[in-house]
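To start, the structure under review is shown below, and the notes come after it.
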Amino acid sequence: MPAGRRIRVRGQVQGVGFRPFVWQLAQRMGIAGEVFNDAEGVLILATGRALDPFEAALSTEAPPLARVEQIESTPATVAATDGFHITASRGAGAETGVAPDAATCPDCLAEIRDPAARRFGYAFTNCTRCGPRFSILKALPYDRAQTAMAVFPMCPACRAEYEDPADRRFHAQPIACPACGPQLWLEVAGQEVPADPIPEAATRLHAGEILAIKGLGGFHLACDARNAGAVARLRARKHRPAKPFALMGTLAMIRAHARLTEAEAARLAAPAAPILLLPRAGAPLAEAVAPGQPTLGWMLPATPLHHLLLDAFAGPLVMTSGNRSGEPQAFANDEARARLVPIADAFLMHDRDVLRRLDDGVERLLPSGPLILRRARGRAPEALALPEGFEAAPRVLSLGGQMKGALCLVKSGRALLSHHLGDLDAPEAWDAFLQAEADYAALFDHAPEALACDLHPGYRATAHAKARAAAEGLPLIEVQHHHAHLAATLADAGWPRSAPPVAGVILDGLGLGTDGTIWGGELLLGSYASAGRIAHLAPAPLPGGDAANREPWRNLLARLDAADLAAEADTLLPERPRALLRQAIAAGVNAPLSSSAGRLFDAVAAALGLAPGAQSFEGEAAMALEALAGQTRAAPYPFAQNGPRIDPAPMFRALLADRATGRPAAEIAAAFHAGLARAVCAPARALVEEGQAGAVALSGGCFQNATLLALCREELAGLTVLLPHRTPPNDGGLALGQALVAAARLSPA
């Protein structure tokens, strides 16, 4: 038998057309042998004279959706063969990457618009370069029998394409056509409407109706973004008074309503097809789409169904998650019928099962690079290679926090951060979290050797981790909230384990500190295994506990009283129950101390009259403050540094003085942002300049604020600044940080 090579390819190489690519490469280079999927990725047995260039091309010419992480090659005796073949998948388990769902490619888009094409107008058209992947996958290896497409036998025409090496659908597992694939229909009150579903849906949208539309990862609720009445009805029915809605349009539509750079256009059109925050410009939409916000969240259609609908409607659509506020997105037909009937006037349905609930990803492109706000459809479940020094990391499962829930699995040198699982306060969201925990364990064949969680005993994920660790006899690593944020940024940046400690500026809402108080405005010094608190915002009470998270005026009262500005608080808050809250604060009743930066933003927003009495969504007041601050530049307000405490009292005195003189609110908001950036970055810079830290890492939910992020980068100019670009800076990244902290504590350096 001829000499050859056994070539192992690891990474995201299943479900991306990699085997057909290898076949075509082998034909071109005169290579004989076989290629197949298995639990570890793709295995190639090859013989021929051009093995060196063949092996090199596996990574340099890989398909667009593939991500080759490692190629291992060893000499092997290859059985005599009459050519090169794709053979049946082998082995159980999962050591390979899973491809995310990919937006419709240009070839498929052209096909569904071509009256002469077999798939003209077909809403489920796909090929090896695009279409559903993660949302329809049951198990690995990635074959049709392991997907939701197993119930749709291929017709002869599709089978011929699937088996034709020259066709772009060669071994495309979700292949389908109108004769054999999923079907679409429109229904009202549980009854199918006897009409072509997409034109009928467009007609109803033009009439001001709200439609529930089944997409890749679940249902959207859609309406005409130019129809103020329809948008208002959607807000009322969904119980979402002010939080911005996402929008869907073509690039031409987006350019008519927003400023769009070429880099942003490319990001929108990439296979992940995220929602991208873009500055408003041009023609107005219904104001209730994003009340008071300078940015709009736009996405391009991600599926043929959405392209066809947008073609028929010919205008921008609101496209928001199919749920009532606080609940997870509906993703099964019967679930949507049960939960969305009070909201939707009609349902655009199909019969391909969604096996995994996936929200739309939300991102932003800034001068500092991409910012991931919600990691979901199109990004998950891409794995991150662990930084240098974690080669011996054990299998860890980390369970994240309470808000923006996510899981992280560490296995075989990679960290797999799950898609966004929602806020775990709602029972439905908690049920979805538990389902995802079981789903990821089965799909990725992950049996943890240790668990990691947040310190806070009141978090559902923490209580669950403790119970599971006890039941299974597993080590449990409890990780301080802000240390997890720091470690997540280090992991995202690939900071080596042996590298110097890092100064971490971590600004967010709330997280339990190691001293039992509530932290949120922190300067840490450390790395993966440990971190110490160097400085922090001066604590202030949270009057009413959780109520202070919802009602910004409570934080203003506490901050002004702490700054000896009680009389000014009385003037600003004449109708509020100040005496009652002050009594509770003095008695230490339901008024825990907190250094929260998020609550400081709330207090400043309340001082400027920007905050509602009660926020209808997380960050509402802070977003209004950022919107103002982004309009101008101003010299920074002063903060006092008293030992480790960064005291905002001088800032409030200056703010109130400016307010009294009628200084524009935008300038006041900008001066606050500039002052906070300088106050938290100055001690971080000192740590680097004194040789105690090798870089500064920025993380926490407050760094979703583009103005604050830009100002902090200015304050840290000339230093190495680490930012998360592939994972969220908010609590959606906590699980990644927890996993790396646990791995560092459990494995030798």
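The values are calculated or read from the model by the stated rules, or taken from the named source; none is laboratory data. This structure is a prediction, so every number in the text was calculated from the model and none was measured. In this analysis, Cβ positions are derived from the backbone assuming ideal geometry, glycine residues included, and neighbour counts consider all displayed protein chains.
The set of residues in region 415-428 that are surrounded by 20 or more Cβ atoms within 10 Å (Cβ to Cβ) and either among the hydrophobic types (A, V, I, L, M, F, W, C) or more than 13 Å from the chain's Cα centre (by Cα) (or both) comprises Ala415, Leu416, Leu417, Leu421, Leu424. In the condition set (1) surrounded by fewer than 20 Cβ atoms within 10 Å (Cβ to Cβ); (2) polar (S, T, N, Q); (3) outside the structural domain of Ala312 (by TED's automatic domain parsing), Ser398 is compliant with all but (1). Listed by position, the helices (runs of 4 or more DSSP H) inside region 581-673 whose residues that are farther than 19 Å from Lys243 by Cβ number at least 2 are 597-607, 649-660. Within region 333-358, the residues that satisfy the criterion of being crowded, with 22+ Cβ neighbours inside 10 Å and either outside the structural domain of Phe245 (by TED's automatic domain parsing) or within 20 Å of Phe124 (Cβ to Cβ) (or both) are Ala336, Phe347, Leu348, Arg352, Val354, Arg356, Arg357, Leu358.
Please find, within region 611-656, the residue that is surrounded by the fewest Cβ atoms within 10 Å (Cβ to Cβ) out of those that are over 19 Å from Arg554 (Cβ atoms) and within 26 Å of the chain's Cα centre (by Cα).
Only one residue tops the list, namely Ala627.
Consider Leu285 carefully, then state whether it is in contact with a His (Cβ under 9 Å, 6 or more places away or on another chain) and either modelled with pLDDT of 95 or more or not in a strand (DSSP E or B) (or both).
Yes.
For region 451-472, which positions are part of a helix (DSSP H, G or I), out of contact with any His (no Cβ under 8 Å at 6 or more places or on another chain) and within 16 Å of Ala484 (Cβ to Cβ)? Steps first, answer last, please.
Going residue by residue through region 451-472, those that are part of a helix (DSSP H, G or I) are 460-472.
Restricting the remaining residues to those that are out of contact with any His (no Cβ under 8 Å at 6 or more places or on another chain) gives 460-461, 463-472.
Once the filter is applied, which keeps residues that are part of a helix (DSSP H, G or I), out of contact with any His (no Cβ under 8 Å at 6 or more places or on another chain) and within 16 Å of Ala484 (Cβ to Cβ), region 451-472 yields Ala461, Ala465.
Restricting attention to region 41-64, does a residue exist that is closer than 25 Å to Gly361 by Cα and touching an Asp or Glu at 6+ places or on another chain (Cβ under 8 Å)? Scanning region 41-64, I find no residue that is closer than 25 Å to Gly361 by Cα and touching an Asp or Glu at 6+ places or on another chain (Cβ under 8 Å), so the answer is no. So for region 375-390 (the condition being surrounded by fewer than 19 Cβ atoms within 10 Å (Cβ to Cβ), free of Cβ contacts under 8 Å to residues at least 24 places away in the same chain and either in contact with a Phe, Trp or Tyr (Cβ under 7 Å, 6 or more places away or on another chain) or more than 30 Å from Ala201 (Cβ to Cβ) (or both)), does at least one residue qualify? There is no residue in region 375-390 that is surrounded by fewer than 19 Cβ atoms within 10 Å (Cβ to Cβ), free of Cβ contacts under 8 Å to residues at least 24 places away in the same chain and either in contact with a Phe, Trp or Tyr (Cβ under 7 Å, 6 or more places away or on another chain) or more than 30 Å from Ala201 (Cβ to Cβ) (or both).
For (1) among the polar types (S, T, N, Q); (2) in contact (Cβ under 8 Å) with a residue 24 or more places away in the chain; (3) in the same structural domain as Ile477 (by TED's automatic domain parsing); (4) surrounded by fewer than 24 Cβ atoms within 10 Å (Cβ to Cβ), each residue gets a yes or a no:
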{"position": "Gly662", "(1), (2), (3), (4)": "no, no, no, yes"}
{"position": "Ala669", "(1), (2), (3), (4)": "no, yes, no, no"}
{"position": "Ala686", "(1), (2), (3), (4)": "no, no, no, yes"}
{"position": "Glu689", "(1), (2), (3), (4)": "no, no, no, yes"}
{"position": "Phe703", "(1), (2), (3), (4)": "no, yes, no, no"}
{"position": "Glu715", "(1), (2), (3), (4)": "no, yes, no, yes"}
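For region 425-436, the candidate set comprises residues that are more than 13 Å from Arg357 (Cβ to Cβ) and assigned to a helix (DSSP H, G or I); within that set, the residue that is modelled with the lowest pLDDT is Pro427. When region 253-264 is filtered for residues that are in contact with a strand residue (DSSP E or B) (Cβ under 9 Å, 6 or more places away or on another chain) and either closer than 21 Å to Pro63 by Cα or part of a helix (DSSP H, G or I) (or both), the ones remaining, listed by number, are Met253, Ile254, His257, Ala263, Glu264.
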